[in-house]
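The block underneath contains the structure these notes are about, expressed in structure tokens.
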Amino acid sequence: MEKKLTTSLSLLRHNIYHTLMDAITISHLTKTYANGKTALKNISLSVHEGELFALLGPNGAGKTTLIGIICGVVKKTSGSAIVFEHDTDSAWRKTRSIIGLVPQEITLNPFDTVWETLSFQRGFYGKPKNDALIEHIIKSLALEDKKYSLVRELSGGMKRRVLIGKALTNEPKVLFLDEPSAGVDVELRQGMWDLIRNLKQQGVTIVLTTHYLEEAETMADRIGIINNGTLELVETTSSLLQTMGNKTLIIELQQPLQNIPTSLASFGLKVSSDGTKILYTYNHHNARTEVLFDALQHANIPIRDIDTKTTSLEEIFVKIIRKNS
């Protein structure tokens with residue numbers, strides 16, 4: 001009964017997740033530049049409303065080009081991009097009114113204050129004056145003491161925050177963050193991610209590119225990996241880590257071991273160079289940990305301590321990129 005209930009709940013969560021409205025729908029998107037370089041090759045992808053989607057890939061993979069097409073700053077060669085049921089070409093005014101973009105490059109007027117930068121940007125979007133909103137954005141980005149400072153007086157990390165603030169003045173339904181953590185110190189980065197979590201809780205759909213893969217692993221609902229203009233995979237973060245990740249059981253021994261006994265050969269164990277640890281690597285398909293501990297006991301190998309190491313998203317990412325390069 002308990003197993004049936006667990007299965008039913010799992011199916012319910014699956015159905016709810018997959019019936020969410022798509023915030024972004026990309027179909028057969030291709031981009032070839034005048035020099036003949038194809039940056040995107042027949043990309044099809046949906047991003048669900050309210051999710052944080054991490055788009056990962058090496059430099060030059062096509063991430064920024066893809067974002068640029070959706071945001072209307074790069075012209076596509078073929079295919080379509082839809083944002084909340086509005087085509088980015090035929091309904092470009094509507095789509096741009098609900099999109100916020102934080103680009104990689106810091107493009108700010110150095111002689112404007114922070115307040116002026118955000119206020120002007122809201123006007124640029126054609127939105128009515130809203131000083132209360134600008135105050136809220138400045139406070140949420142911890143820029144209160146820099147409100148009347150010139151942009152040129154700010155550190156690189158503070159300028160990055162102002163870029164995020166500019167995108168938020170639009171009150172976007174979809175927010176694109178293209179390498180938002182670049183050049184930001186650890187403390188500012190933590191504050192930035194707290195802000196992004198709050199935006200997600202408010203229902204904002206967030207598309208993120210980052211080279212800090214531990215952030216994507218922690219924050220993203222789903223992950224897409226793009227390489228050489230091709231979308232290699234799209235998967236939920238938890239499923240990707242489970243299906244492609246491994247765990248390594250690190251067993252510390254009470255006495256050094258020179259060789260693995262033949263009775264343990266089927267486990268594929270490895271012994272550390274000093275003989276004080278046994279390493280057992282497994283995944284959810286072939287876990288035999290209980291059987292292993294019984295076998296160690298029968299082999300009279302006493303255990304001092306146990307630790308576990310899990311494959312990180314970064315290790316999985318590198319494996320996929322190398323395989324498809």
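The values are calculated or read from the model by the stated rules, or taken from the named source; none is laboratory data. Treat the numbers as computed from the prediction; the structure is a model and nothing was measured. Cβ coordinates were reconstructed from backbone atoms using ideal geometry, including for glycine residues, and neighbour counts include every protein chain displayed.
Residues in the stretch 27-48 that are assigned to a strand (DSSP E or B), within 12 Å of N228 (Cβ to Cβ) and of a type outside the set (A, V, I, L, M): T38, K41. Looking at the structure I just gave you, is G126 over 23 Å from the mean Cα position of the chain (by Cα), within 30 Å of I82 (Cβ to Cβ) and not basic (K, R)? Taking the combined requirement at face value, the residue satisfies it. Listed by first and then second residue, the pairs linking a residue in the stretch 211-224 that is modelled with pLDDT of 85 or more to a residue that is among the aromatic types (F, W, Y), with Cβ atoms under 7 Å apart and 6 or more places separating them unless they lie on different chains, are M219/W193; A220/F53; D221/F53; R222/F53; G224/F53. Flag: T289 does not match the condition of being in contact (Cβ under 8 Å) with a residue 12 or more places away in the chain, under 24 Å from V207 (Cβ atoms) and of a type outside the set (K, R).
Screening S149 with (1) over 19 Å from Q202 (Cα atoms); (2) surrounded by 14 or more Cβ atoms within 10 Å (Cβ to Cβ); (3) within 23 Å of the chain's Cα centre (by Cα) gives one miss only, at (3).
Considering only residues in the stretch 49-103 that are under 21 Å from the mean Cα position of the chain (by Cα) and among the acidic types (D, E), the one that is surrounded by the most Cβ atoms within 10 Å (Cβ to Cβ) turns out to be E51.
The sole residue among L253, L241 that is farther than 30 Å from L29 by Cβ and either among the aromatic types (F, W, Y) or buried (at least 16 other Cβ atoms within 10 Å of the Cβ) (or both) is L253. Residue count for the stretch 179-191, restricted to those that are within 30 Å of K94 (Cα to Cα) and either part of a helix (DSSP H, G or I) or free of Cβ contacts under 8 Å to residues at least 60 places away in the same chain (or both): 1. Output yes when any residue across the stretch 98-115 is touching a residue at least 40 places away in the same chain (Cβ under 8 Å), within 10 Å of K166 (Cα to Cα) and of a type in the set (G, A, S), and no when none is. Among the residues of the stretch 98-115, at least one is touching a residue at least 40 places away in the same chain (Cβ under 8 Å), within 10 Å of K166 (Cα to Cα) and of a type in the set (G, A, S), which makes the answer yes.
With respect to being surrounded by 15 or more Cβ atoms within 10 Å (Cβ to Cβ) and at pLDDT 90 or above, T276 fits the description. For the stretch 201-225, the set of residues classified as farther than 16 Å from E314 by Cβ and either touching a Gly at 6+ places or on another chain (Cβ under 7 Å) or of a type in the set (S, T, N, Q) (or both) consists of Q201, Q202, G203, T205, listed by residue number. Selection over the stretch 194-208 of residues that are in a loop (DSSP other than H, G, I, E, B) and touching a Pro at 6+ places or on another chain (Cβ under 8 Å) gives a count of 1. Of all residues in the stretch 209-238, those being in a loop (DSSP other than H, G, I, E, B), over 15 Å from the mean Cα position of the chain (by Cα) and surrounded by fewer than 20 Cβ atoms within 10 Å (Cβ to Cβ) number 1. Only residues that are without any contact (Cβ under 8 Å) to a residue 24 or more places away in the chain and charged (D, E, K, R) were counted across the stretch 28-67, and they come to 1.
Could you count how many residues in the stretch 239-266 are within 23 Å of I316 (Cβ to Cβ) and assigned to a helix (DSSP H, G or I)? Break it down into steps so the answer makes sense when it comes.
If we filter the stretch 239-266 for residues that are within 23 Å of I316 (Cβ to Cβ), which is where we start, we get 239-250.
Among the residues that remain, those that are also assigned to a helix (DSSP H, G or I) are: 239-244.
So the count comes out to 6.
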